[in-house]
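Working notes, beginning with the structure itself.
The values are calculated or read from the model by the stated rules, or taken from the named source; none is laboratory data. The model shown is predicted, which means the values in this text are computed figures rather than measured ones. Positions of Cβ are backbone-derived with ideal geometry, glycine not excepted, and every protein chain shown enters the neighbour counts. With ligands, DNA and RNA removed, areas are computed over all heavy atoms of the protein, side chains included. Shrake-Rupley method; radii C 1.70, N 1.55, O 1.52, S 1.80 Å.
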Amino acid sequence: MSNHTHLVLFVDKQQALKWSDLEVLKRWHKLHKGTVLTRRYMYEPERIRLTDAEINSVKATIEVYRRRLFDISWYMRLLNEYIARKANKEDHCTGHFWEGRFKSQALLDEPALLACMAYVDLNPVRANMAKNPQSSAYTSIKKRLNAAKHNAQPNRLCHFNNNLKQHSRGLPFLLSDYLALIQTTCQRIIRSDKPCEISKATTLKKHQLSERDWQSLIGAIEAKFGTRISMKIARTRLVVSSIADAC
């Protein structure tokens with residue numbers, strides 16, 4: 001977007017805990033220089049020369065790095081710092097670029113994940129910055145649509161699990177179903193008075209979501225929900241809203 005970003009993240013803490021010490025250092029050194037001792041530890045000839053006290057110090061540092069590598073705050077810190085430095089360089093200025101700290105919301109179930117992804121992918125359309133997902137710049141959906149033309153999925157994005165019968169760490173939806181849902185939801189955003197078959201979308205039927213459920217989830221995620229998003233919370237809000245309207 002013009003003045004903010006939206007990200008849907010999957011934090012794989014268990015995977016990070018399984019990394020070897022050298023894997024942690026390898027990943028951290030791609031982001032930072034580390035310390036003299038961690039750099040020496042990376043190379044076997046230098047590692048052999050380290051004393052027990054130095055090795056213990058490196059081990060403690062590695063655990064600090066490991067926690068940072070699955071910490072959302074550190075992820076956002078590095079991302080925002082990169083963007084700020086680049087923007088300030090372009091504007092020939094210094095100082096704070098971002099107005100404040102980022103906001104995060106936990107996605108507690110599959111409908112919440114689905115809705116949040118769709119909300120982020122369709123933000124440029126909703127803000128009248130793009131006519132459709134295909135023409136929206138800097139979005140995951142544009143990358144997915146371009147890759148789908150070649151029966152592929154973008155390498156740098158979490159893949160959809162196209163065989164839902166098998167357990168996978170990928171997104172728990174069919175890519176074709178998600179793309180169809182995005183297109184249909186986009187039509188409703190562009191023409192709210194035009195009938196469209198959102199309620200018949202395969203993904204919504206699978207999770208027993210009505211069009212009202214979907215609109216409640218995707219309508220204004222940032223404004224309607226606090227730090228947690230789920231279908232249960234959305235339906236509770238619908239009941240409260242209906243009672244208030246009746247009163």
Discussion item. Given the criteria in contact with a Pro (Cβ under 9 Å, 6 or more places away or on another chain), at negative phi and part of a loop (DSSP other than H, G, I, E, B), does Ala137 qualify?
Written reply: yes
Item to complete: Please find, among His92, His96, the residue that is open to solvent by 70 Å² or more (accessible area, probe 1.4 Å) and at positive phi.
Response: His92
Practice prompt. For the stretch 108-119, indicate whether the set of residues that are farther than 30 Å from Leu209 by Cα and aromatic (Phe, Trp, Tyr) is non-empty.
Written response: no
Fill in: Subset tally (residues that are more than 29 Å from Lys232 (Cα to Cα), open to solvent by less than 60 Å² (accessible area, probe 1.4 Å) and of a type in the set (Phe, Trp, Tyr)) for the stretch 99-142
0
Fill in: Subset of the stretch 166-200 (residues that are open to solvent by 50 Å² or more (accessible area, probe 1.4 Å), assigned to a helix (DSSP H, G or I) and modelled with pLDDT under 70)
Ile190, Ser199, Lys200
Worksheet entry | Out of Met129, Met117, sole residue that is under 15 Å from Thr5 (Cα atoms), in contact with a strand residue (DSSP E or B) (Cβ under 9 Å, 6 or more places away or on another chain) and either assigned to a helix (DSSP H, G or I) or hydrophobic (A, V, I, L, M, F, W, C) (or both) | Met117
Worksheet item: From the residues in the stretch 26-44 that are closer than 13 Å to Ser57 by Cβ and of a type outside the set (D, E, K, R), which one is surrounded by the most Cβ atoms within 10 Å (Cβ to Cβ)?
Response: Tyr41
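Considering only residues that are hydroxyl-bearing (Ser, Thr, Tyr) and crowded, with 19+ Cβ neighbours inside 10 Å, look in the stretch 201-222 and name the one that is farthest from His4 (Cα to Cα).
The first filter runs over the stretch 201-222 and keeps only residues hydroxyl-bearing (Ser, Thr, Tyr), leaving 202-203, 210, 216.
Next cut, crowded, with 19+ Cβ neighbours inside 10 Å only: 203, 216.
Values: Thr203: 29, Ser216: 23 Å.
Filtering the stretch 201-222 for residues that are hydroxyl-bearing (Ser, Thr, Tyr) and crowded, with 19+ Cβ neighbours inside 10 Å, the one farthest from His4 (Cα to Cα) comes out as Thr203.
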Discussion item. I need the helices (runs of 4 or more DSSP H) fully contained in the stretch 1-103, keeping only those with at least 3 residues that are within 27 Å of the chain's Cα centre (by Cα) and farther than 30 Å from Ala127 by Cα.
Written reply: 13-18, 21-29, 52-69
Worksheet item: Taking Tyr75 and the conditions (1) closer than 17 Å to Thr5 by Cα; (2) modelled with pLDDT under 90, which numbered condition does it fall short on, given that it satisfies the others?
Response: (2)
Discussion item. Among the residues of the stretch 143-165, are any open to solvent by 40 Å² or more (accessible area, probe 1.4 Å), modelled with pLDDT of 90 or more and not in a loop (DSSP other than H, G, I, E, B)?
Written reply: yes
